[in-house]
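Enquirer: This is the structure I want to talk about, given as structure tokens.
What follows is calculated from the coordinates using simple rules that are stated; it is not laboratory data. A quick note: this is a predicted structure, and the numbers were derived from the prediction, not measured. Ideal geometry is used to build each Cβ from the backbone, glycine not excepted, and the neighbour counts take in all protein chains shown.
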Amino acid sequence: MKLLHKFVHNYPWQSVFLVVVLLAAGVADGLGISALLPLLNVAFDGAGPASTDNAISRFVTDVLDSVGITPSLGALLLVIVSGIAVKSLLVFVAEQRIGYIAADVATGLRLEVLAAVTRSSWRHFVGQSAGRLANSMATEAWRASLAYVHAVRLLVLFIELIVYGLLALLVSWQATLLCLGASVVILGLSHHFVRLARKAGKGQTKWYSSLLRTLTDLLGSVKTLKAMGREEQAEALLRHETNALRRELKREVLGNAALDGAQEPLYTLVLAIGIYVAIAHLSMELATVTFLVLILARLLRQAGKVQKQYQKMIACESAYWALHSVIDSARAAVEPAAGTEPPRLEQSIKLDDVTVAYDEEPVLEHASIEIPAGRMTCLVGESGTGKSTIADLIIGLTRPRSGRILIDGRPLEALDLRAWRQGIGYVPQDNLLLHDSVMRNVALADPDVTEADVVAALRLAGALEFVETMPDGIHSLVGEAGARLSGGQRQRILIARALVHRPRLLILDEATSALDAATEQALCRMLESLKGRLTILAITHQRALRELADRVYLIERGRVGLAAPVAAAPVGTGAGSSAAP
């Protein structure tokens with residue numbers, strides 16, 4: 001019941017509302033059923049509704065007399081119908097609220113995951129599996145909301161169980177206690193099937209996560225697998241997770257079916273014993289016995305429903321706790337608090353005697369770099385030497401082990417980090433495009449970015465000409481990961497995305513690697529026009545960008561030094577070709 005307590009704690013007012021409505025529904029149901037006993041007295045004996053000294057009959061007739069209604073056959077039937085109608089209306093209201101809150105639960109959990117993960121440190125984020133996060137946002141959030149639905153419905157059934165138990169006690173406490181005792185025994189005997197469902201739920205959480213993780217990784221490699229005719233390898237990799245998930249789903253079905261099959265005959269046996277005791281040993285009147293049978297039958301069925309609903313809840317609750325483990329681990333790795341000073345970039349960015357190491361393996365050692373404002377600086381060197389790490393340090397994604405990052409002489413830690421990052425345009429080497437329109441890929445759904453801003457950014461990035469030839473212009477879809485575009489076109493869309501916010505710092509991380517010579521020259525002309533208006537940092541192997549740079553740093557084995565200037569290539573030579581540092 002820890003999960004139910006958690007939901008009540010998270011949604012206190014909604015829970016109070018639901019409890020009040022459900023209690024009212026239980027009372028209405030109880031009043032309607034209470035009128036059944038005096039009705040049976042009239043039907044079986046032809047006597048008055050209160051011809052027996054039963055407390056329920058006296059209560060119903062006294063209530064009707066107090067409002068001036070004769071407890072006749074028609075009046076008693078009206079009480080029964082009204083009670084059931086009011087109960088149904090209140091349950092409808094409660095079920096509607098349960099559905100709305102369940103949607104809120106799923107949405108809230110998804111937003112919590114997203115907020116926690118995006119606010120976590122970069123090192124924590126890159127250690128997460130995209131498939132696991134996708135599973136958390138989709139499957140686990142949905143199953144967690146189902147756990148909430150089952151938890152509240154469990155509360156509904158429990159309240160109804162109490163109402164039926166109280167009515168049965170007023171008729172015959174002996175038969176009721178016998179029935180309740182037998183129910184406890186039956187619930188205990190069938191609890192094995194509940195535990196089976198719990199294990200199945202945990203297994204489903206595990207294998208859903210594994211399946212989504214593997215599937216996400218494979219989808220990024222489909223072209224490679226198809227190109228080599230090895231699609232069956234993808235099937236083989238997924239077969240294990242798929243079969244394991246199927247086993248857990250079958251285990252849950254087995255637990256549900258076994259619980260249903262075991263309860264029905266056992267409860268029927270208990271009911272038969274109760275009838276025998278009531279007639280043979282307690283000498284009850286036929287009307288009372290009939291009413292008692294109906295109430296005890298409901299009581300037993302309700303006890304079974306409570307256990308079944310509990311079984312459904314615990315089959316889903318592992319998804320809720322798994323989701324919160326993702327949230328808690330991300331919150332524990334939240335980025336350190338940043339400063340509050342407004343960022344400016346009017347002089348330079350400096351790395352002052354910076355050392356960075358990952359798992360005790362040094363990446364940069366005592367590196368010092370100065371990137372003048374309004375100029376273009378290039379970082380060159382072999383792969384894995386720390387060029388991208390320098391960009392990560394400037395962005396604030398990575399913290400140095402020693403040394404300082406200074407922006408106009410102020411430590412980066414003292415600046416408002418979010419405001420600093422909002423002034424950065426970043427173009428990665430990977431073509432990370434959404435399966436959406438050009439407009440949304442550039443603006444990223446920012447309400448402050450207009451179509452005019454997008455068109456201006458596309459023009460600046462040299463992309464407007466080909467975008468205008470697409471069927472719907474800037475509203476044309478680019479396909480999955482930009483599959484409808486060439487590599488160079490995808491890169492220019494990303495450059496437009498980086499420029500649309502008019503950044504003060506533009507970082508190009510191997511951004512020209514997929515461009516042909518003509519496109520690269522167009523990009524160089526664009527960058528030349530931007531020099532003096534913003535600061536440009538380019539990580540590159542391309543000669544054309546090195547020729548354009550005001551300053552070039554060579555990174556080798558974690559050490560940084562100024563590289564010799566690169567002479568412009570003679571006319572007619574391949575300006576886009578790579579050159580040794």
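Enquirer: With the crude spin-label approximation of a point 7 Å out along Cα→Cβ, what separation in nm comes out for Ser88 versus Gln347?
Expert: Here the modelled spin labels are 7.9 nm apart.
Enquirer: How large are Rg and Dmax for the range 344-441 when calculated on the C-alpha trace, in angstrom?
Expert: For the range 344-441, the Cα radius of gyration and maximum Cα-Cα distance read 15.0, 45 Å.
Enquirer: Quick check for me: using +1 on Lys/Arg Cβ and -1 on Asp/Glu Cβ, what's the dipole size of the range 348-562 about its Cα centre, in debye to the nearest 20?
Expert: 500 debye
Enquirer: Give the aspartates and glutamates reachable from Lys199 as a straight Cα distance under 12 Å; neighbours fewer than 8 places away on the same chain don't count.
Expert: Glu248, Glu252, Glu317
Enquirer: How much length, in nm to one decimal, is gained on full extension between His191 and Asp430, taken as 0.36 nm per residue of separation minus their Cα-Cα distance?
Expert: Once the chain is fully extended between His191 and Asp430, it gains 80.7 nm.
Enquirer: Continuing with this model, one more query. Rounded to the nearest 0.05, what FRET efficiency is calculated for Val253 and Arg525 with R0 set to 60 Å and r the Cβ-Cβ distance?
Expert: Here the calculated transfer efficiency is 0.40.
Enquirer: Counting alpha carbon pairs within less than 8 Å and at least 6 residues apart, what relative contact order, in whole percent, applies to the range 348-562?
Expert: Relative contact order comes out at 31 percent.
Enquirer: Please compute the length gained on full extension between Ser402 and Leu114, using 0.36 nm multiplied by the number of residues separating them and subtracting their Cα-Cα distance.
Expert: Length difference between fully extended and current span is 100.6 nm.
Enquirer: How big is the charge dipole of the range 79-201 about its Cα centre, in debye rounded to the nearest 20, if each Lys and Arg gets +1 on its Cβ and each Asp and Glu gets -1 on its Cβ?
Expert: It works out to roughly 460 debye.
Enquirer: What spacing in nm lies between the two simple spin-label points modelled at Asn243 and Val16, each 7 Å away from Cα in the Cβ direction?
Expert: 5.5 nm
Enquirer: Now for a different question. Cross-link partners among lysines for Lys202, C-alpha distance below 28 Å, same-chain residues fewer than 8 apart left out?
Expert: Lys2, Lys6, Lys250, Lys305, Lys308, Lys312
Enquirer: Can you divide the C-alpha Rg of the range 348-562 by 2.2 N^0.38 Å and report the result to two decimal places?
Expert: In units of the 2.2 N^0.38 Å rule of thumb, it is 1.03.
Enquirer: While we're looking at this one, here's another question. Determine the relative contact order of the range 354-425: mean sequence separation of Cα pairs under 8 Å and six or more apart, normalised by residue count, in whole percent.
Expert: 30 percent
Enquirer: What ranking, highest mean first, results for peptides 488-498, 366-376 when packing means the other Cβ atoms within 10 Å averaged over each residue?
Expert: Result, highest mean Cβ count within 10 Å first: 488-498, 366-376.
Enquirer: Could you please state, rounded to a whole Å, how far the C-alpha centre of the range 299-327 is from the C-alpha centre of the range 509-554?
Expert: 58 Å
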